[in-house]
Amino acid sequence: MNGKLGILKLSAAMLIFGSVGIFVRYISLPSGAVAAARGVIGTLFLAVLAVVRRQKLSSAIRQKLPLLCISGVCIGVNWILLFEAYRYTTVAVATLCYYMAPVPVIAASPIVLGERLTFGKSLCALSAVLGMVFVSGVLSDGLSGGSDMKGIAFGLSAAAVYAAVVLMNKRAGDIPAFDMTVVQLGSAAVVLVPYTLLTEDISLEMLSVSAIILLITVGIIHTGFAYALYFSAIKELKAQTAAIFSYIDPLVAVLLSALLLKEPLGIEIIIGGVLIIGSAVISELIGKKEMENN
């Protein structure tokens, strides 16, 4: 029963994560301001949840606090880059670019984590790169056509930063995921708020009622509530099951991009998406098999 409930919770979390691009697209604020609001509201929600549950943070956090703070700042930068990608290209293309993150993780793991780079994982990385070529549109339109190259650049940059977060989280060791995220979101908020105030030109006219409602929704639903669902689910599921179901996120983003925003979804983007997401899933399965054989 717990397994089925865990899958339902995880699926719900991924559905929520997959819709964040739709909401961000309609917020008429700079990406830094949206990311800062997401960090502050999400942190407050998780902090209140911890108090209600009488849940104390793990003492293991102290030893890894600098690393968690750095990774938290990277999460904030990651959000800004992803939100910028949404502005310059379609939500579908930006999301697929973002899900290139496993490629730099695979490439850097032998150096950073001392993991062996197998033929299977190398093939998955190359397949994902090929998928990115299809998504970019360069095969049919060249560098000047297809999806906006600036948006693709932002999406790939977001993927690279998220890959760094993944590697740092692996180095952090066995710290509870909920505790880790509270610290990381808090660190992101602490850095993003002053950054936004100092660098972004935000006027009161931008803070319409709809913008405030959307910001609160992204902060509470897409960050605090979705993360809480996610952490609750992964406690009840095997790591591999959680990893595979996480790819509901990009599939939902691609479908909502086409259905709600009426953004173009050509055959090249579909082929590229299958290659990118398929490569990531197969890489997860290869990793599971390697762990079982060791």
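Assorted remarks:
- Any pair with Cβ under 7 angstrom, 6 or more apart, that starts in the range 176-205 at a residue that is closer than 21 Å to residue 234 by Cβ and in contact (Cβ under 8 Å) with a residue 12 or more places away in the chain and ends at one that is of a type in the set (A, V, I, L, M) and in a loop (DSSP other than H, G, I, E, B): 179/57; 182/57
- Index of the failed condition, residue 259 passing every other in (1) surrounded by fewer than 15 Cβ atoms within 10 Å (Cβ to Cβ); (2) touching a residue at least 24 places away in the same chain (Cβ under 8 Å): (2)
- When the range 1-15 is filtered for residues that are surrounded by 20 or more Cβ atoms within 10 Å (Cβ to Cβ) and of a type in the set (A, V, I, L, M, F, W, C), the ones remaining, listed by number, are 10, 13, 14.
- The lone criterion from (1) hydrophobic (A, V, I, L, M, F, W, C); (2) over 16 Å from the mean Cα position of the chain (by Cα); (3) at pLDDT below 75 left unmet by residue 233 is number (3).
- Within the range 238-256, the set of residues being surrounded by fewer than 15 Cβ atoms within 10 Å (Cβ to Cβ) and of a type in the set (Ser, Thr, Tyr) is empty.
- Some residue of the range 21-33 being surrounded by fewer than 15 Cβ atoms within 10 Å (Cβ to Cβ) and hydroxyl-bearing (Ser, Thr, Tyr): yes
- Helices (runs of 4 or more DSSP H) lying entirely in the range 1-65 (those with 1 or more residues that are of a type in the set (Lys, Arg) and without any contact (Cβ under 8 Å) to a residue 24 or more places away in the chain): 2-18
- In the range 239-266, the residues that are more than 19 Å from residue 98 (Cα to Cα) and either within 20 Å of the chain's Cα centre (by Cα) or in a helix (DSSP H, G or I) (or both): 239, 240, 241, 259
- Every condition in (1) assigned to a helix (DSSP H, G or I); (2) crowded, with 19+ Cβ neighbours inside 10 Å is met by residue 286 except one, and the failing one is (2).
The values are calculated or read from the model by the stated rules, or taken from the named source; none is laboratory data. This structure is a prediction, so every number in the text was calculated from the model and none was measured. Here Cβ is always computed from backbone atoms with ideal geometry, including for glycine, and neighbour counts include all displayed protein chains.
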